[in-house]
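Undergrad: This is the structure, below, for whatever I ask next.
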Amino acid sequence: FKMCPGRVITKLLCSGEKEVDLAVQSAKAAFKIWSQMSGMERSRVLLEAARIIREQREEIATLETINNGKSIFEARVDIDISWQCLEYYAGLAGSLAGEHIQLPGGSFGYTRREPLGVCVGIGAWNYPFQIACWKSAPALACGNAMVFKPSPFTPLSVVRLAEIFTEAGVPKGLFNVVQGGAATGQFLCHHPDVAKISFTGSVPTGIKIMEMAAKGIKPVTLELGGKSPLIIFSDCALENAVNGALMANFLTQGEVCCNGTRVFVERKILDVFTKEVVKHTQKIKIGDPLLEDTRMGALINRPHLERVQGFIKQAKEQGAQVLCGGDLYVPDDPKLKNGYYMRPCVLGNCTDDMTCVKEEIFGPVMSILPFDTEEEVVERANNTKFGLAGGVFTRDIQKAHRVVAALKAGMCFINNYNVSPVELPFGGYKASGFGRENGRAAIEYYSQLKTVCVEMGDVESVF
């Protein structure tokens, strides 16, 4: 593999209505077999898939780097999280059960936890392989089938996941991949044999998917955008807070929905914190993402790069100060000259009413905002339509728990950021969506409860 940014790797045909129907019918047939298997049987297949991913970690990570543009260092982490996710739900598959309830007179009731059927997963382009695993692992563990549509910008690595599931022993067609854009997504959402839709992406697309799902009364999980606050108190461990701010803003070229892009810094340490953040940001190695020492690769495509650049231009016009970065970056390697690279940007002199502070940029742009009191910063942190994540850096443990309890966000971090263990539920409040991925919580969104009431005596009629 060699990086050749801006060039076409391969071409794939978009799946039309006919292809989508074939995929759904194939998944429906596989579901009949898979759903009748025991949880332990499903567990063994998922464990085998996890083993294959772990064994082929380097190959899949390289494919993901070429697919997406992120550094190979990060891609390896994504692949590790992916096989861990499969292992986690393999462990839960054999324990999925209902409960028995004793009723008067020897009668009783019980509940059955049953799969939904054919589930649709629609992925984003920032974590293509990992998102597909986050959606498919709980879905398959619960006994469902899945038809997955990756982003048209990153179509490759999910096909490899489908091959791995087949190698691991799932019934043919249990995990199907269809390629395409909005039209393909519409065919999936409207298909009468689709039982549920799980979507990761933008708020406008999430709204459309929810509208389409409503017509078929299909449950949806929406993991949408964010403009998350990261609150740095003066009693923090400074070096740790600086590292946390970098993790909260610059992973995957800043193209992360839960990034803490509004960095609120207590005024007492504003200058020293800003100086350290700028110093560390300027040291980030940009370039060929397949090189071991690269820490920031290329943005996903030219229109997105131009969009991010537009936010920075507007921020300057509105009075923000570019403290570092924000300009295009051209690597020395001539093969990389057409890549969509930019230097990570730190903005100072920001205020809450600026566009760069209110809207999701989805690029390597950090906005620093001073604050004076805990009460003030909590109110400002919550003053957003989003509610995906939030973070706090402080040595005062009572303050830390008090603040995260007050944050209106689904995923909160104390003295760290962008850590997403598969054991913990992930999802947002408000316009950031609803439903949860990962953890035991995801089981609730890929299964349904059936109640059975058993009468042990004669039926007493009221007629």
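Undergrad: For Cα Rg over 2.2 N^0.38 Å, several values are listed as (i) 0.98; (ii) 1.14; (iii) 1.04; flag the one computed from this structure.
TA: Among (i) 0.98; (ii) 1.14; (iii) 1.04, the one derived from this structure is (iii).
Undergrad: Ranked from highest to lowest mean number of other Cβ atoms within 10 Å per residue, what is the order of the peptides 21-34, 226-239, 202-215?
TA: In descending order of packing, they fall as 226-239, 21-34, 202-215.
Undergrad: Here is a further query. When the Karplus curve 6.51 cos²θ - 1.76 cosθ + 1.60 is applied with θ = phi - 60°, which whole-Hz ³J(HN,Hα) does each residue of the stretch 369-380 get, with x for Gly and Pro?
TA: Going residue by residue, I get 10, x, 9, 10, 10, 4, 4, 4, 6, 5, 4, 5 Hz, with x marking Gly and Pro.
Undergrad: Please work out the Cα center distance from the stretch 260-304 to the stretch 325-374, rounded to the nearest Å.
TA: 8 Å
Undergrad: Continuing with the same structure: Let me have the relative contact order for the chain, percent, based on Cα pairs under 8 Å that are six or more residues apart.
TA: It rounds to 19 percent for the chain.
Undergrad: Another question, then. Check cross-link reach from Lys399 to the aspartates and glutamates: straight Cα distance under 13 Å, and skip same-chain residues fewer than eight apart.
TA: List returned: Asp235, Glu374, Glu375.
Undergrad: Further question: Can you tell me the orientation of helix 72-93 relative to the chain, as the angle in degrees between its alpha-carbon axis and the longest Cα principal axis, to the nearest 10?
TA: 20 degrees
Undergrad: Moving on. Read phi for every residue in the stretch 136-141 and hand back ³J(HN,Hα) as whole Hz from Karplus 6.51 cos²θ - 1.76 cosθ + 1.60, θ = phi - 60°, with x for Gly and Pro.
TA: 6, 4, x, 4, 6, 4
Undergrad: Sticking with this one: What size of dipole, in debye to the nearest 20, comes out for the stretch 330-414 about its Cα centre when the only charges are +1 on Lys and Arg C-beta atoms and -1 on Asp and Glu C-beta atoms?
TA: 340 debye
Undergrad: Run the reach check for Lys337 against aspartates and glutamates, Cα to Cα strictly under 13 Å, same-chain hits fewer than 8 apart removed. What comes back?
TA: List returned: Asp288.
Undergrad: Using modelled backbone amide H atoms (1.01 Å from N, in-plane), which distant-in-sequence or interchain residues come within less than 5 Å of Cys324's amide H?
TA: Val346
Undergrad: Which entries of Lys196/Lys408; Lys385/Lys430; Lys70/Lys279; Lys18/Lys149; Lys313/Lys335; Lys135/Lys385 have Cα-Cα distances beyond 18 Å here?
TA: Pairs exceeding 18 Å: Lys196/Lys408; Lys70/Lys279; Lys313/Lys335; Lys135/Lys385.
Undergrad: Right, here's the next one. Can you list residues from other chains, or at least 5 along the same chain, whose modelled amide H is less than 5 Å from the amide H of Leu369?
TA: Val263, Phe264, Val265
Undergrad: Could you sort 454-460, 339-345, 112-118, 130-136 so that the peptide with the highest average Cβ count within 10 Å comes first and the rest follow in order?
TA: Top to bottom by mean Cβ count within 10 Å: 130-136, 339-345, 112-118, 454-460.
Undergrad: Write down the percent of antiparallel bridges among all DSSP beta bridges whose residues are both part of the chain, to the nearest 5.
TA: Approximately 35 percent, going by the DSSP bridge assignments.
Undergrad: Angle, helix 302-317 long axis vs. longest principal axis of the chain, Cα atoms, 0 to 90°, nearest 10?
TA: 50 degrees
Undergrad: In addition: For Phe413, which sequence-distant residues (separation of 5 or more, or a different chain) have an amide H within less than 5 Å of its own amide H, given hydrogens modelled in the peptide plane?
TA: HN-HN under 5 Å from Phe413: Gly390, Gly391, Val392.
Undergrad: As a test of the definition: which semi-axes, in Å, follow for the stretch 202-293 when you take the square root of five times each eigenvalue of its alpha carbon gyration tensor? Largest first, please.
TA: Semi-axes, largest first: 35, 19, 9 Å.
Undergrad: How large is the helix-only mean residue ellipticity at 222 nm for the chain, computed as the sum of -39500 (n - 2.57) over DSSP H runs with n ≥ 4, divided by its residue count, in deg cm²/dmol to the nearest 500?
TA: -12500 deg cm²/dmol
Undergrad: Taking 7 Å along the Cα-to-C-beta vector as the label spot, tell me the Glu455-Asp372 distance in nanometres, rounded to one decimal.
TA: Placing both labels 7 Å along Cα→Cβ, they lie 7.1 nm apart.
Undergrad: Using a Förster radius of 56 Å, what is the FRET efficiency between Phe463 and Asp396 based on their Cβ-Cβ separation? Nearest 0.05, please.
TA: Efficiency at R0 = 56 Å is approximately 0.25.
Undergrad: Heavy atoms only, probe 1.4 Å: what % of the accessible area of the stretch 229-414 goes to carbon and sulfur, would you let me know?
TA: Using a 1.4 Å probe with all protein chains present, the stretch 229-414 comes out at 49 percent carbon and sulfur.
Undergrad: Please work out how much length the chain gains when fully extended from Val203 to Lys313, using 0.36 nm per residue of separation minus the C-alpha to C-alpha distance, in nm with one decimal.
TA: Length difference between fully extended and current span is 37.2 nm.
Undergrad: Using the Karplus equation 6.51 cos²θ - 1.76 cosθ + 1.60 (θ = phi - 60°), what ³J(HN,Hα) coupling, rounded to whole Hz, does each residue of the stretch 326-331 give in order, writing x for Gly and Pro?
TA: Running phi through 6.51 cos²θ - 1.76 cosθ + 1.60 with θ = phi - 60° gives x, 9, 5, 10, 10, x Hz.
Undergrad: State the extension gain, in nm to one decimal, for the chain segment bounded by Gln36 and Glu99, taking 0.36 nm per residue of separation less the distance between their alpha-carbons.
TA: 20.7 nm
Undergrad: Still on this structure, please answer the following. Starting from the Cα-Cα distance between Asp271 and Val8, subtract it from 0.36 nm times their residue separation and give me the gain in nm to one decimal.
TA: Length gained, Asp271 through Val8: 90.2 nm.
The values are calculated or read from the model by the stated rules, or taken from the named source; none is laboratory data. Bear in mind that the values here come from a model prediction, so they are computed numbers and not experimental data. Reconstructed Cβ throughout: ideal geometry from the backbone, glycine too, with neighbour counts over all protein chains shown. What goes into the accessible areas is simple: the full protein's heavy atoms, side chains included, and nothing from ligands, DNA or RNA. Shrake-Rupley method; radii C 1.70, N 1.55, O 1.52, S 1.80 Å.
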